[in-house]
Amino acid sequence: MNNFFDNQRILQVIWKRRIHFMIVGGIAVLLSAIFSSSFFITPKFKSTARIYPTNLWPLSNESETEQMLEIVNSQDIKLRMFDAFNLAEVYNINREDPLFLTYMLNLYNTHVGASKTEFETVEIKVLDKDPLRASQMCDSIIRFYNEKVQQMHAAKNWEMVEISQKGLEKRTRELDSLLERINQTRSEYQILDYSGQVKEITRGYMEVLAAGRENSTGSREIKRLYDNLANKGTEAWLQESKLAYLTMVIDSLNTVHEFNRSEAEKKISYCYVVQKPVPADKKAYPIRWLIVAFSTLSALFAALLVFVVLDFRKVN
């Protein structure tokens with residue numbers, strides 16, 4: 001066995017069979033070049049884009065780049081790509097096949113990929129036999145990503161718009177009811193401003209009492225207002241306090257309502273395009289020289305084993 005793997009013996013076999021090795025190598029080069037040509041393997045072109053996230057809100061412990069990658073790789077975007085580029089026809093998959101979606105997703109994931117780079121950008125790569133379509137698919141993934149994030153943000157903001165709208169309607173009804181009671185109090189008891197009136201009317205009433213003019217017309221009017229404040233003042237003060245509170249709440253709800261409506265309706269980009277995709281002018285697959293080199297080396301190694309075995313049997 002040691003003799004079988006003897007280096008000197010192997011070198012002798014190589015030199016002895018050098019013509020055979022040249023023939024095997026030549027045939028391997030020729031066949032691998034033929035079978036790696038476009039007649040047997042459809043050449044594919046690669047389009048690449050790099051995008052950087054912006055205008056995203058933090059979710060859980062994900063970074064903005066990880067969040068972007070999650071959305072770019074979402075099935076929603078993949079399904080949109082299937083329809084936008086009629087990929088079932090491109091990948092030659094029958095739509096009636098029960099495993100249609102499984103086959104489509106497998107082929108899509110083989111041809112399209114997205115990954116995070118060391119610089120916190122997301123790199124999108126698309127392989128396709130049509131260089132223009134590969135570039136357009138890259139562009140569409142970026143556009144669908146922006147639309148997907150816009151929909152997510154809009155849904156969140158429209159939800160807040162609906163909540164604040166309900167709050168506004170409820171508080172407005174409360175305000176209308178309160179204003180009706182306040183107007184009634186003002187009309188019946190002439191309490192227009194409790195905090196301002198209570199000081200002036202109390203001071204005026206004390207002066208009337210001190211001057212001994214309780215029976216004059218003006219004194220009786222002051223006494224009537226004083227009694228109104230004594231009987232209805234607390235109620236009027238509570239109404240005024242609640243009016244101030246409701247006004248503040250309604251202003252706050254209006255601010256929330258308008259802000260979220262504005263956020264829901266605005267159209268912005270959620271990424272910076274660091275590297276724009278362009279149609280490739282050189283195929284990326286297959287790499288023919290690598291196929292030829294690997295095939296040739298494999299053929300020569302197999303030939304070496306065969307020749308060594310034959311030589312070993314002949315000797316023994």
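Pairs are defined by a Cβ separation below 8 Å, a sequence spacing of at least 6 or placement on different chains, a first member in the range 58-78 that is assigned to a helix (DSSP H, G or I), and a second member that is buried (at least 19 other Cβ atoms within 10 Å of the Cβ) and among the small types (Gly, Ala, Ser); the pairs so defined are Leu69/Ala114; Val72/Ala114.
Mind checking whether some residue in the range 197-210 is modelled with pLDDT of 75 or more and either in a loop (DSSP other than H, G, I, E, B) or loosely packed, with under 15 Cβ neighbours inside 10 Å (or both)? Scanning the range 197-210 turns up no residue that is modelled with pLDDT of 75 or more and either in a loop (DSSP other than H, G, I, E, B) or loosely packed, with under 15 Cβ neighbours inside 10 Å (or both). Taken together, Lys116, Lys125 contain a single residue that is modelled with pLDDT of 90 or more and in contact with a Gly (Cβ under 6 Å, 6 or more places away or on another chain), which is Lys125.
Checked against the criterion of being hydrophobic (A, V, I, L, M, F, W, C), part of a loop (DSSP other than H, G, I, E, B), at pLDDT below 85 and surrounded by 12 or more Cβ atoms within 10 Å (Cβ to Cβ), the range 281-289 has at least one qualifying residue. Quick one: Ala293 ticks every box in (1) among the hydrophobic types (A, V, I, L, M, F, W, C); (2) modelled with pLDDT under 75; (3) surrounded by 13 or more Cβ atoms within 10 Å (Cβ to Cβ) bar one, so which box is it? Status for Ala293: all satisfied but (2).
For every residue, the table says whether it meets (1) surrounded by 14 or more Cβ atoms within 10 Å (Cβ to Cβ); (2) part of a helix (DSSP H, G or I); (3) at pLDDT 85 or above.
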position	(1), (2), (3)
Leu225	yes, yes, no
Lys232	yes, yes, no
Trp237	yes, yes, no
Val256	yes, yes, yes
Arg261	yes, yes, yes
Lys267	no, no, yes
Val278	yes, no, yes
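Considering only residues in the range 31-82 that are in contact with a Phe, Trp or Tyr (Cβ under 7 Å, 6 or more places away or on another chain) and among the basic types (Lys, Arg), the one that is modelled with the lowest pLDDT turns out to be Lys44.
Yes/no matrix, rows are residues, columns are (1) within 30 Å of Tyr270 (Cβ to Cβ); (2) touching a residue at least 40 places away in the same chain (Cβ under 8 Å); (3) not hydroxyl-bearing (Ser, Thr, Tyr):
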{"site": "Val149", "(1), (2), (3)": "yes, yes, yes"}
{"site": "Glu159", "(1), (2), (3)": "yes, no, yes"}
{"site": "Ile163", "(1), (2), (3)": "yes, no, yes"}
{"site": "Lys166", "(1), (2), (3)": "yes, no, yes"}
{"site": "Thr172", "(1), (2), (3)": "no, yes, no"}
{"site": "Ser177", "(1), (2), (3)": "no, no, no"}
{"site": "Arg181", "(1), (2), (3)": "no, yes, yes"}
{"site": "Thr185", "(1), (2), (3)": "no, yes, no"}
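Against the test of being assigned to a helix (DSSP H, G or I), at pLDDT below 65 and surrounded by fewer than 15 Cβ atoms within 10 Å (Cβ to Cβ), the options Arg220, Arg186, Arg173, Arg213 yield a single qualifying residue, Arg220. Between Asn106, Asn94, Asn86, the distinction of being within 23 Å of the chain's Cα centre (by Cα) and not assigned by TED's automatic domain parsing to the domain that holds Ser252 belongs to Asn106 only. Filtered by the rule that a residue be surrounded by 12 or more Cβ atoms within 10 Å (Cβ to Cβ) and closer than 18 Å to Ser135 by Cα, the range 89-112 gives Val90, Tyr91, Leu107, Tyr108, His111, Val112. State whether one or more residues within the range 85-99 are of a type in the set (A, V, I, L, M), out of contact with any helix residue (DSSP H, G or I) (no Cβ under 9 Å at 6 or more places or on another chain), more than 24 Å from Thr54 (Cβ to Cβ) and free of Cβ contacts under 8 Å to residues at least 12 places away in the same chain. Within the range 85-99 (the criterion being of a type in the set (A, V, I, L, M), out of contact with any helix residue (DSSP H, G or I) (no Cβ under 9 Å at 6 or more places or on another chain), more than 24 Å from Thr54 (Cβ to Cβ) and free of Cβ contacts under 8 Å to residues at least 12 places away in the same chain), the answer is yes, since at least one residue qualifies.
The values are calculated or read from the model by the stated rules, or taken from the named source; none is laboratory data. All figures in this text were calculated on a predicted structure; none of them were measured in a lab. Every residue, glycine as well, gets a Cβ built from its backbone with ideal geometry; the counts of neighbours run over all protein chains shown.
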